[in-house]
1. Calculate one ³J(HN,Hα) per residue across the range 95-110 by plugging θ = phi - 60° into the Karplus curve 6.51 cos²θ - 1.76 cosθ + 1.60, and present them in order as whole Hz with x for glycine and proline.
2. Can you list, largest first and rounded to whole Å, the semi-axes you get for the range 2-174 by taking the square root of 5 times each eigenvalue of its Cα gyration tensor?
3. Pop out the ³J(HN,Hα) list for the range 133-146 in order, Karplus 6.51 cos²θ - 1.76 cosθ + 1.60 with θ = phi - 60°, rounded to Hz; leave Gly and Pro as x.
4. Could you tell me how many cubic angstrom of Cα convex hull volume the chain has per residue?
5. Indicate the helices, whole DSSP H runs only, in the chain that combine a mean Kyte-Doolittle hydropathy of 1.0 or more with a Cα extent along their long axis of 15 angstrom or more.
6. Once the dipole of the chain is set up with Lys and Arg at +1 and Asp and Glu at -1 on Cβ about the Cα centre, which of L44, Q265, P71 lies farthest towards its positive end?
7. Which residues' amide hydrogens lie under 5 Å from the amide hydrogen of S114, considering only partners 5 or more residues apart or on another chain, with H built in the peptide plane?
8. Hey, what D do you get for the range 177-286 in µm²/s if you plug the Kirkwood alpha-carbon radius into Stokes-Einstein at 25 °C and 0.890 mPa s?
Amino acid sequence: MFKQVTIIGFGLIGSSLARAMKQHALAGKIICADMSRDVCEKVLSLQLADEVTTDLAKGVKGSDLVILCVPVGAMSAVADKIAGSLEPGVIVSDVGSVKKEVIKSLAPRLPKKSHLVPAHPIAGTEHSGPEHGFAELFHHRWCIVTPLEDSELQPVEKIVKLWEACGSNIEIMNADHHDLVLGITSHLPHLIAYTIVGTATTLEEDLKGEVIKFSASGFRDFTRIAASDPVMWRDVFLNNKDAVLEVLQRFTEDLTALQKAIRKQDGDYLYQTFKKTRDIRRAIIQAGQAN
Ligand code: NAP
């Protein structure tokens with residue numbers, strides 16, 4: 001599908017993509033460009049790429065596809081480093097969890113003769129780094145592609161085909177809508193998990209010990225989400241500020257309503273709310289998105 005692909009940022013997502021591309025023979029050659037020497041050494045020893053380099057500009061030379069898999073806050077610095085070395089006609093894509101700010105960071109920095117096609121695979125784990133990636137990560141998961149208004153059709157189709165070949169289902173969306181939807185389904189739940197687990201860290205030592213001991217009663221599921229990469233999530237909240245604040249406002253109102261129902265002993269309100277949320281869980285299972 002591609003002659004030579006450079007993946008910049010070879011962590012969980014970048015390395016999973018490289019594994020999937022190898023498995024399905026989607027690239028003649030895969031280059032790992034990561035500013036971390038440690039990551040490059042791991043990639044070499046795991047044989048995940050044909051070449052590795054910490055020099056990002058050198059790493060993109062000769063590639064017909066470059067995919068940025070770095071934290072959202074690092075996108076503009078990476079674009080500045082590679083812009084002068086990109087081949088004419090190259091497709092530049094990314095996997096960032098936020099789209100509007102990433103497009104703002106990349107579009108003005110990339111050369112006119114390149115094609116920017118942003119995308120976001122809705123797949124991941126709480127682990128980071130190349131050793132935790134796996135080729136099947138994207139199987140039956142959605143990948144949202146957010147083309148720009150003036151994007152040419154052919155590069156968009158190529159990115160769609162790439163993700164389909166990695167096992168993803170594709171949805172095309174505009175970046176604003178993506179950021180609002182993901183604000184609800186991903187960013188808000190992470191913020192809540194960080195808050196709940198964060199509260200536990202401020203408890204007195206003996207109470208904290210009991211929280212860990214009896215964690216299976218609900219807390220444990222939040223700790224998995226709250227163990228997600230701190231750099232990645234710091235950047236998500238800083239770069240999807242408006243959408244997160246909007247959904248947080250709605251969440252706060254709903255929380256206050258539940259608080260009021262508990263105070264007023266309004267069992268019917270609590271029951272109806274919990275019944276509706278159980279239906280959502282069942283719909284997710286039916287859609288095959290539960291695991
Ligand atoms: P990760 O495992 O931490 O990998 C990020 C990699 O990028 C690391 O190797 C990191 O090196 C490297 N890096 C950081 N800044 C860089 C820079 N300026 N230049 C070159 N390399 C740089 O993170 P990830 O989970 O794969 O996430 C990568 C991207 O995917 C993020 O934009 C995230 O929003 C998006 N995403 C993540 C998930 C998920 O669940 N994890 C899901 C969908 C999309 P160091 O280790 O040395 O910092």
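Only the coordinates and a few stated rules stand behind these numbers; no lab work does. Note that the structure is predicted; figures quoted are calculated from it, not measured. Please note: Cβ atoms are built from the backbone with ideal geometry, for glycine as well, and neighbour counts cover all protein chains shown.
1. With coefficients 6.51, -1.76 and 1.60, one gets 10, x, 6, 10, 10, 4, 5, 5, 4, 4, 6, 8, 3, x, 8, 8 Hz.
2. Listed largest to smallest, the semi-axes of the range 2-174 are 21, 19, 15 Å.
3. So the Karplus estimates, Gly and Pro as x, are x, 7, 5, 8, 3, 9, 4, 6, 9, 6, 10, 9, 9, 10 Hz.
4. So the per-residue hull volume is 147 Å³.
5. Those that pass (Cα extent of 15 Å or more, hydropathy at least 1.0) are 188-201.
6. Farthest towards the positive pole: Q265.
7. Amide H neighbours of S114, under 5 Å, 5+ apart: G89.
8. Diffusion coefficient, whole number: 153 µm²/s.
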